[in-house]
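*Asks:* Take this structure, written in structure tokens, and hold onto it; I'll ask about it next.
The values are calculated or read from the model by the stated rules, or taken from the named source; none is laboratory data. Given the structure is predicted, the values throughout are model-derived calculations rather than measurements. Cβ placement follows ideal geometry from the backbone for every residue including glycine, while neighbour counts extend to all protein chains displayed. Protein only, heavy atoms only, side chains kept; ligands, DNA and RNA dropped before computing areas. Shrake-Rupley method; radii C 1.70, N 1.55, O 1.52, S 1.80 Å.
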Amino acid sequence: MKHKSSSILLEKQLLNDYQTGDFFLASPKRTILGKGTFAVVPNEKETNNQVQGLTKRVSDVLEGAKKHGHINPVVVGAVPFDYKSSAQLIVPETVQQSTPLKFNSGDHLTTSTQPTYEIKAIPEPEQYEKGVEKGINYIKIGHLEKIVLSRSLYLNSSEAVDINQLLHNLAQHNNHGYTFAVDLSKDISEDSNTNTNTESTRTLIGASPELLVSRTGGNLLANPLAGSRPRSKDPVEDQRRATELLSSAKDLHEHAVVVQAVAEALQPYCKTIDVPSEPSLVHTETMWHLSTEIKGEVADSLTSSLELALALHPTPAVCGSPTEVARAAIQEIEPFERGFFTGMVGWCDSNGDGEWVVTIRCAEVEQHSLRLFAGAGVVAESKPEEELAETSAKFRTMLLAMGIDKELLISTLEE
């Protein structure tokens with residue numbers, strides 16, 4: 001079956017057509033819905049050269065799809081934080097595109113009876129603060145310049161999670177960012193081009209504010225975010241926090257570390273590159289962020305969006321600097337496996353065009369449970385209680401979409 005592509009579909013038709021097991025991505029440029037599985041990208045144990053290995057396997061699968069009638073096949077899916085773990089990448093049976101999602105001011109969030117959740121924080125807030133203290137100590141003795149430390153919430157309910165409703169709510173709450181849903185329940189074998197479904201579905205779902213990189217023709221765009229403040233419902237206080245963030249030496253340093261690393265990673269792939277000297281502010285419903293848009297011209301037309309994304313992944317915005325030292329410290333300090341959190345989600349077509357976003361503000365959802373994630377960047381000037389508060393604010397993207405206000409969980413999040 002050939003891929004379908006259309007720009008005349010109703011704005012929210014693809015969102016309404018989404019069913020659990022599909023691939024969905026809404027960005028400021030387009031909305032994409034992938035259904036079915038035509039082929040999978042096999043996983044192999046990666047060496048340190050993850051770019052070459054995974055890029056080659058994706059290219060081979062796309063070429064195979066073209067031979068079977070797909071005019072411009074598209075690979076979609078997710079890559080985990082740890083390059084040694086298995087990616088979840090497929091060529092769907094059909095891919096449809098439409099214009100970006102737009103919501104009217106009169107649109108309201110879909111609501112239903114609020115389930116009762118059993119909630120467990122891993123690590124507990126006090127343990128998280130101790131982990132931040134350890135990260136700060138590593139920085140002060142010269143092992144690291146920055147480290148990103150995260151925590152998770154496990155929510156269990158006797159009622160099934162309504163993934164479709166959750167996706168609609170995320171899209172409506174975050175219509176300037178990147179809303180996604182990726183099926184993780186397929187078992188993609190390492191040495192074959194087959195897949196089997198597990199008994200229960202598992203879905204990676206979220207609304208990321210951060211574009212890792214996109215490629216359109218010969219042009220690339222990366223938009224690293226680092227340095228954050230929680231939003232306030234009081235407009236005066238909200239503006240004060242934004243102004244404070246833009247002048248914070250600690251946050252400007254944290255942001256500069258990320259921007260420098262992204263620019264240096266992209267430089268070998270670019271004919272020209274433009275890196276603004278100062279960041280700007282962007283916001284979601286729950287957070288302010290320092291933002292820098294890096295633009296460039298790709299030197300080689302064969303360099304795909306996936307290759308660019310893998311060259312960047314993971315940035316210091318989700319890992320730290322130096323990367324491998326920070327990664328090792330994260331594995332030591334964090335008492336859980338990140339999985340696809342702080343990985344990347346997106347698509348790449350056979351022409352090399354595509355979009356890849358950083359997998360944050362997300363959850364892994366099974367039938368009766370959700371596993372939420374949030375992280376904060378730690379530098380020498382960081383304070384453990386402030387990083388704890390930042391992760392609590394970042395949890396709110398998912399909690400609000402679930403109909404849960406953060407204040408109802410304050411004892412779990414911060415005490």
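*Asks:* Relative contact order of the chain, please, whole-number percent, based on alpha carbon pairs below 8 angstrom and at least 6 residues apart.
*Replies:* 23
*Asks:* Give me the percent of accessible area attributable to carbon and sulfur for the chain, probe 1.4 angstrom.
*Replies:* 48
*Asks:* Please list the non-local residues whose amide H lies under 5 Å from the amide H of Ala374, H modeled 1.01 Å from N, same-chain partners needing a gap of 5 or more.
*Replies:* Arg151
*Asks:* What does the charge count near Leu252 come to, summing +1 for each Lys or Arg and -1 for each Asp or Glu among other residues with Cβ under 11 Å from its Cβ?
*Replies:* Here the charged neighbours net out to -3.
*Asks:* Related question: With r as the distance between the Cβ atoms of Asp234 and His68 and R0 = 60 Å, compute the FRET efficiency 1/(1 + (r/R0)^6) and round to 0.05.
*Replies:* 0.55
*Asks:* Considering the stretch 288-340, what Rg and Dmax in Å follow from its alpha-carbon atoms?
*Replies:* 14.6, 42
*Asks:* With a point put 7 Å past each Cα toward its Cβ, work out how far Asn219 is from Glu337 in nm, to one decimal.
*Replies:* Taking the simple label geometry, Asn219 and Glu337 are separated by 4.1 nm.
*Asks:* What trypsin sites (Lys or Arg not before Pro) in the stretch 231-268 are in a loop by DSSP, with at most 13 other Cβ atoms within 10 Å of the Cβ?
*Replies:* Passing sites in the stretch 231-268 are Lys233.
*Asks:* Greater than 22 Å separation of Cα atoms is the criterion. Which listed pairs, Lys130/Lys250; Lys134/Lys233; Lys146/Lys383; Lys56/Lys84; Lys134/Lys250; Lys29/Lys250, meet it?
*Replies:* Beyond 22 Å between Cα atoms: Lys134/Lys233; Lys29/Lys250.
*Asks:* For the stretch 329-369, restrict the atom set to alpha-carbon positions and state the Rg and Dmax in Å.
*Replies:* For the stretch 329-369, the Cα radius of gyration and maximum Cα-Cα distance read 14.2, 41 Å.
*Asks:* Right, something else. With a bin width of 10 angstrom, please list the P(r) values of the stretch 190-319 as percents of all Cα-Cα pairs, from the 0 bin to the one holding the largest distance.
*Replies:* Calculated over all Cα pairs of the stretch 190-319, the distribution is 11, 34, 27, 18, 8, 1 percent.
*Asks:* Now a separate question. For the stretch 306-316, in order, what is each residue's ³J(HN,Hα) by Karplus, 6.51 cos²θ - 1.76 cosθ + 1.60 with θ = phi - 60°, in whole Hz (x at glycine and Pro)?
*Replies:* Rounded to whole hertz, the list is 5, 4, 5, 5, 5, 5, 8, 7, x, 7, x.
*Asks:* Right, something else. Report ³J(HN,Hα) in whole Hz for each residue of the stretch 350-360, in order, from the Karplus equation J = 6.51 cos²θ - 1.76 cosθ + 1.60 where θ = phi - 60°; Gly and Pro get x.
*Replies:* 6, 7, x, 6, x, 9, 9, 10, 6, 7, 10
*Asks:* Could you work out how much longer the chain between Ala160 and Lys250 gets when fully extended? Use 0.36 nm per residue separation minus the Cα distance between them, nm to one decimal.
*Replies:* Residue separation times 0.36 nm, minus the Cα-Cα distance, leaves 28.1 nm.
*Asks:* Find the accessible area per residue for the chain; the probe is 1.4 Å, ligands and nucleic acids are left out, and the unit is Å².
*Replies:* Solvent-accessible surface per residue comes out at 43 Å².
*Asks:* At 10 °C and 1.306 mPa s, what whole-number value in µm²/s does Stokes-Einstein give for the translational diffusion of the stretch 266-415, with Rh from the Kirkwood sum over Cα pairs?
*Replies:* Result for D is 89 µm²/s.
*Asks:* Sticking with this structure for a sec: Calculate, axis by axis, the spread of Cα positions in the chain along the three principal axes, and write the results as whole Å, longest axis first.
*Replies:* 56, 52, 40
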